[in-house]
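Nothing in this text is a laboratory measurement; each read-out follows from the coordinates by a stated rule. Only a predicted model underlies this, so the values are computations on that prediction, with no experimental measurement involved. Counting neighbours? That spans all protein chains shown, and the Cβs are built from the backbone with ideal geometry, glycine included.
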Amino acid sequence: MIEESEGSSQLPTSRELVTLILRRLSRIGGEVRLAAPQSDPSIDQGDESEDNLSNVLKELPEAALEEVKSLLLTLHSLFPNELLLALDILDRRQIGHIVLPTDEDDATCARPIYMISSGTPTNKRQLTRRENYTVCLDSWSCSCPAFIIAVMADSDALSIQRVAREDDETAKCSVRWMQHNQWLFGGIMPASTNLAQLPICKHLLACILADQCHPLFGRHVETLHLSKAEAAARWANTD
């Protein structure tokens, strides 16, 4: 069951609800992993390709699996166009977590940055064309066209009207999370921004699941230790 919003008697905002769902998914994965017996490294664990998302979920006890399914269904109702595609990205292991050398005077190096590499078959010869996109969770951004379109769509007149109707208590509730230095779904987006106004794409949602629900989805992410020059070269080749 999802906890109340930071011990408050108020109902959680839509952004807080998603945050609590992600937190609960992470806690379920952590509890199951701690309870699971450690595998013997001398025993062949089989082909890594068999460690897909469906098999990972099958490792969960029945009660935990049912709760995960319920939480994912809730997320699907909130993100009907993105969730299944995001899970497919995780299942295909298309996410790379970029880890840069940390400088004491440069805290930005420690921020979560992801690279997603996907293959799109061409029409004539069915050759695969690689498309790379950069996702930055702190700045709530993705370099893919779908996210850019979502950002532009959010600036229309209807969105402006929704901002004007945003409840003051909702904004105060979200500000409280940020003041306690806790991650809130939406990153650095203004606290008055509700869920319907947040730009989202399948790549960003996939990286959020991997980052915030690491015990369940983190094993499907490749860690890329890159120098700043190597990372810059990869970003130069992103779409």
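If packing is taken as the average number of other Cβ atoms within 10 Å across a peptide's residues, how do 75-83, 55-63 rank, most packed first?
Ranking, from highest mean packing down: 75-83, 55-63.
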Exercise for the section: State the extension gain, in nm to one decimal, for the chain segment bounded by Lys228 and Asn81, taking 0.36 nm per residue of separation less the distance between their alpha-carbons. Expected result: 49.5 nm
Fill in the blank from the handout: Subtracting the Cα-Cα distance of Glu131 and Arg27 from 0.36 nm times their residue separation yields 34.1 nm
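So if R0 is 30 Å, what FRET efficiency would Leu73 and Asp138 give, r being the distance between their Cβ atoms, rounded to the nearest 0.05?
Working: r = 28 Å, r/R0 = 0.95.
With R0 = 30 Å, the Cβ-Cβ based efficiency is 0.60.
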Completion exercise
Neighbour-count ranking for Arg27, Arg93, Arg130 (other C-beta within 10 angstrom, fewest to most) reads Arg130, Arg27, Arg93
Practice task
Would you kindly state how much longer the chain becomes between Glu59 and Trp183 on full extension, computed as 0.36 nm times their sequence separation minus their alpha carbon distance, in nm to one decimal?
Solution key: 41.8 nm
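Return Thr74, Thr134, Thr223, Thr19 ranked ascending by Cβ neighbour count within 10 Å, so the fewest neighbours appear first.
Lowest count first: Thr223, Thr74, Thr134, Thr19.
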